[in-house]
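Below is one structure; the comments refer to it alone.
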Amino acid sequence: MLNIHSKTFNPEILYVFDALNTGPSSGSRHSHDFFELTILLKGDSFYTIEDENHYLAEKTVLVFNPGTEHMEYTKEGMENVQIHIGLRHFNFSGYKRDFFPLESNII
């Protein structure tokens, strides 16, 4: 169980934006020095996460801890809508700052 202190858990929201992607398109491989949450609201897409390729369907949630390399690519005929949320300055007891303790990037 995560030890969250509700009176002190107050992350800084860096951005929240939605994106419509229509294939063919490809992002660039990158990572962040903060935490990013991505939600695939509609459609499907492909992501490369730390050199592993993944097909992702609607309602998939992606969790990118700082330093996690990732990129999205959408093939011809594919379309999707995503929400991207960047956060920093949060901490769970016993874990690194800005780190969400999950075993997989894909939920």
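The values are calculated or read from the model by the stated rules, or taken from the named source; none is laboratory data. If you're wondering where the values come from, they're calculated on a predicted model, not measured in any experiment. With ideal geometry, Cβ positions are generated from the backbone for all residues, glycine too; neighbour counts draw on all protein chains shown. Note: accessible area is taken over every heavy atom of the protein model, side chains too, but ligands, DNA and RNA are not part of it. Shrake-Rupley method; radii C 1.70, N 1.55, O 1.52, S 1.80 Å.
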- Query: Taking only pairs six or more apart or across chains, which ones have beta-carbon atoms under 9 Å, a first residue in the range 63-88 that is within 16 Å of residue 31 (Cβ to Cβ), and a second residue that is basic (Lys, Arg) and open to solvent by 50 Å² or more (accessible area, probe 1.4 Å)?
  - Reply: 65/96; 66/88; 66/96; 66/97; 69/29; 70/29; 71/29; 88/97
- Of the conditions (1) at pLDDT 95 or above; (2) surrounded by fewer than 16 Cβ atoms within 10 Å (Cβ to Cβ); (3) within 23 Å of residue 6 (Cα to Cα), the single one that residue 34 does not satisfy is (2)
- Within the range 42-51, the residues that are surrounded by 14 or more Cβ atoms within 10 Å (Cβ to Cβ) and either assigned to a loop (DSSP other than H, G, I, E, B) or not polar (S, T, N, Q) (or both) are 43, 44, 46, 47, 49
- Note on the structure: Considering residues that are out of contact with any Asp or Glu (no Cβ under 8 Å at 6 or more places or on another chain) and open to solvent by 40 Å² or more (accessible area, probe 1.4 Å), the number found within the range 52-68 is 4
- Query: Given 90, 99, which one is open to solvent by less than 40 Å² (accessible area, probe 1.4 Å), among the hydrophobic types (A, V, I, L, M, F, W, C), within 21 Å of residue 12 (Cα to Cα) and out of contact with any Leu (no Cβ under 9 Å at 6 or more places or on another chain)?
  - Reply: 90
- Task: Quick one: in the range 1-31, of everything that is among the hydrophobic types (A, V, I, L, M, F, W, C) and not in a strand (DSSP E or B), which residue is modelled with the lowest pLDDT?
- Result: 1
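Please work out which residue is nearest to residue 86 (Cα to Cα), limiting yourself to the range 1-29 and to residues that are of a type outside the set (A, V, I, L, M) and out of contact with any strand residue (DSSP E or B) (no Cβ under 7 Å at 6 or more places or on another chain).
Per the criteria, the residue is 10.
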